[in-house]
Amino acid sequence: MQSGLDGHVMTLLVLVKQVPIPEEPSGMEMNRFDEYAVEEALRIRELFPGVQVHVMTLGPEGAGKVVKRALGMGADAGIHVITPENEFPGSALTAARAAAAINNHAYDLILTGILSQDRMEGQVGPLMAEYLGIPCAVGVVETALDPEDGSIRVEREMEAGFRDCISMRLPAVLAVQAGINRPRYPSLSHVLAAGKKTVHLVRASDLPGAPFAETQHILDLIPPEKTRAGVFVNGTCRDKAEELLHVLQQRGVI
Amino acid sequence: MKPIVILADLDQEQNLARPGVRELATCASLIQAAAHGPVVIVVPGRDTFRAARDLAGASGLDIVGLDIPGYETYNSDVLKTCLRDLFSGMDPSHILISHTSQGRDYAPGLAVRLGGVSLSGITRVVLTDNQCRFVRPVQSGRMDALVAPEGSPVVLTVQPGAFAPAPWGALSGTGHPVGVRMETACPDLVASSRIRNLGVRSPARESSDLTRARVIVAGGRGMESPQDLDILREMVSLIPRSALGASRPVIDAGWLPHGFQVGITGAVVTPDVYLAMGISGSTQHLAGIKGAGFVVAVNTDPGAAIFNHADLCIVEDFKEFAQAFASAVRSGKNRSKDSGETGDSDGQ
């Protein structure tokens, strides 16, 4: 068993979210950025056998499916914090609940995706780290865990391809960037085994310290402002191709 | 009046505030119409006096230079602690931070330490009933949300490029700017930090023609396999002085090296024409093509975010469209050959 300085089994927690599929009305799936976080945790476990990977989602009843998917990828156990239907919580509410839900479990490392496709806030990881009083790194593209030292070395993506290299004391929170790895698909053997794995269910209203408040309210959804002409070309595919050729000729580039 | 604080990002090498500070100033002036407080710029870092003095001279605003002993490079743990200490004395209503790799790393935690609210990646300020509301993208950029923060201070990360850089002098500060006030953070913050800096790694030098190309043909999330890139390469071969590029998912999948990536995290490009093929239009990608002369987007999804930021919008599968384009170019060439014209399609 892989153990830290004090001899305890290292446990990782990955936060995953269920989000709507834009092209499919009422279709739901795992936020694709969270797949990288699950994969990274599984890779760390492969490097340090004995490490446990737990996965947590906060969402309505139906959101348990993303926990199942993560278990199918190979996670060891799941937690589903059941939130009210049609709530669409902001990052601060989700982070406060997540911090409350793990209150009694000392995770060594917590991983999240860089942002969710629906709310796009990218704040659950860094907010939760602060609620738990532990350090955080956002935009992680490389990890190297050092269990004996109780630290993790990470590289954070900066602008124009530069990387910020840091070493963090554990426990810590990492918001991992897309591209850090190639997420695996759920395997049949894991999917079959997932049925036997524990998924701990807890209602958000039963969490210690609940209820937690929203810190922001979405008043309206509005179509984004156009920053360019945005002229749609009509006709057949061939007509549209001819139109592009014409435009390129007019602009003298072809 | 509670101040509206702008956090300047210090280029520690140059000892200068990064230009993003002027975009934050524009955003601050819009907030000021409702919040009314004076605008103050805070410059945290090592030996900040010169940068603070230059900024005071240029902006006419009050500047706080926050010297952090031993601070070499960005450290979120240290920055959050010393800014909390500074702001507990200043009591700001709003704190504006650029939505960069640093801003999004420390802004949410700073808001928690101050007992406030954090909104990320805001692109507009809307005043209604003398209240400040903020616009930020949701649903993969297909929609914008109008958001009202509940609490104070409001920590905002501001999308780079969303606000025009302010002409200095358009802002009102305290009315009697004292210029620069210097503060020094607690001396053992860096040594006692739970985060240790190990340096900054430079990108691998990869050759790509993105910065020189007149036309960029770029592929994105719509690609299903690396072979799909060959269709784009064919378009590149038909357009003189053009180059292949890609958005993040193509690079993440390992189909092209990082040098081909267009966007804030890759290359910021300024071609005459940018062809976005099967690209949905993430914020960081859009920020990287802002300077393009003309943007053409091809996507099967009419609701894709890219169409709000394109000049010419084509709802088609990019593969079929690329093939149709290739045959249109070829038949155009054949026509000019048949008629004996030299034509302008032969690459000048």
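Structure notes:
- Some residue of region A:131-145 being closer than 28 Å to B:PRO249 by Cα, modelled with pLDDT of 95 or more and among the hydroxyl-bearing types (Ser, Thr, Tyr): yes
- Residue ID - surrounded by the fewest Cβ atoms within 10 Å (Cβ to Cβ), chosen from residues in region B:147-157 that are at the interface with chain A (Cβ under 9 Å from one of its Cβ atoms) and not in a strand (DSSP E or B): B:GLU150
- Evaluation of B:LYS319 against (1) farther than 15 Å from A:GLU243 by Cα; (2) basic (Lys, Arg); (3) modelled with pLDDT under 95 (one fails), failing number: (3)
- Any hit, region A:163-174, residues being farther than 21 Å from A:LEU47 by Cα, in contact with a Phe, Trp or Tyr (Cβ under 8 Å, 6 or more places away or on another chain) and at the interface with chain B (Cβ under 10 Å from one of its Cβ atoms): yes
- Test result for A:LEU244, within 9 Å of chain B (Cβ to nearest Cβ), surrounded by 16 or more Cβ atoms within 10 Å (Cβ to Cβ), in contact with a helix residue (DSSP H, G or I) (Cβ under 9 Å, 6 or more places away or on another chain) and not in a loop (DSSP other than H, G, I, E, B): yes
- Check on A:ASN104, under 30 Å from A:ASP149 (Cα atoms), out of contact with any Phe, Trp or Tyr (no Cβ under 7 Å at 6 or more places or on another chain) and part of a loop (DSSP other than H, G, I, E, B): yes
- Restricting attention to region B:57-73 and to residues that are at pLDDT 90 or above and not in a loop (DSSP other than H, G, I, E, B), the residue that is nearest to B:MET90 (Cα to Cα) turns out to be B:VAL64.
- Count - residues of region B:3-29 that are modelled with pLDDT of 95 or more and surrounded by fewer than 17 Cβ atoms within 10 Å (Cβ to Cβ): 0
- Counting the residues of region A:200-213 that are buried (at least 16 other Cβ atoms within 10 Å of the Cβ) and either farther than 19 Å from B:GLU150 by Cα or of a type in the set (Asp, Glu) (or both) gives 3.
- Only one of B:GLY37, B:GLY70, B:GLY57 that is on the phi > 0 side of the Ramachandran plot and surrounded by fewer than 24 Cβ atoms within 10 Å (Cβ to Cβ): B:GLY70
- For region B:270-324, taking the residues that are facing another protein chain (nearest Cβ under 8 Å) and of a type in the set (Phe, Trp, Tyr), the one that is farthest from the chain's Cα centre (by Cα) is identified as B:PHE321.
- Residue within region B:128-146 that is free of Cβ contacts under 8 Å to residues at least 24 places away in the same chain, among the charged types (D, E, K, R), closer than 21 Å to B:MET1 by Cβ and part of a strand (DSSP E or B) present: yes
- Any hit, region A:163-178, residues being surrounded by 13 or more Cβ atoms within 10 Å (Cβ to Cβ), under 30 Å from B:ARG214 (Cβ atoms), out of contact with any Cys (no Cβ under 8 Å at 6 or more places or on another chain) and without any contact (Cβ under 8 Å) to a residue 24 or more places away in the chain: no
- Region A:179-192, subset loosely packed, with under 15 Cβ neighbours inside 10 Å and touching a residue at least 24 places away in the same chain (Cβ under 8 Å), residue nearest to the other protein chains (Cβ to nearest Cβ): A:ARG182
- Among (1) away from every other protein chain (no Cβ under 13 Å); (2) in a helix (DSSP H, G or I) - the single one A:ALA92 does not satisfy: (1)
- Of all residues in region A:119-151 being more than 9 Å from chain B (Cβ to nearest Cβ), of a type in the set (D, E, K, R) and out of contact with any strand residue (DSSP E or B) (no Cβ under 7 Å at 6 or more places or on another chain), the one that is surrounded by the most Cβ atoms within 10 Å (Cβ to Cβ): A:ASP149
- Annotation: B:SER120 fulfils all but one of (1) outside any strand (DSSP E or B); (2) at pLDDT 95 or above; (3) among the hydroxyl-bearing types (Ser, Thr, Tyr); (4) within 18 Å of the chain's Cα centre (by Cα); the unmet one is (1).
- Residue among B:ILE63, B:ILE31, B:ILE41 that is of a type in the set (A, V, I, L, M, F, W, C) and more than 24 Å from B:ARG124 (Cβ to Cβ): B:ILE63
- Residue in region B:99-113 that is touching a residue at least 24 places away in the same chain (Cβ under 8 Å), surrounded by 24 or more Cβ atoms within 10 Å (Cβ to Cβ), more than 9 Å from chain A (Cβ to nearest Cβ) and outside any loop (DSSP other than H, G, I, E, B) present: yes
The values are calculated or read from the model by the stated rules, or taken from the named source; none is laboratory data. What you see is a predicted model, and the numbers here were worked out from it, not measured in a lab. Cβ: placed from backbone, ideal geometry, glycine included. Neighbour counts: every protein chain shown.
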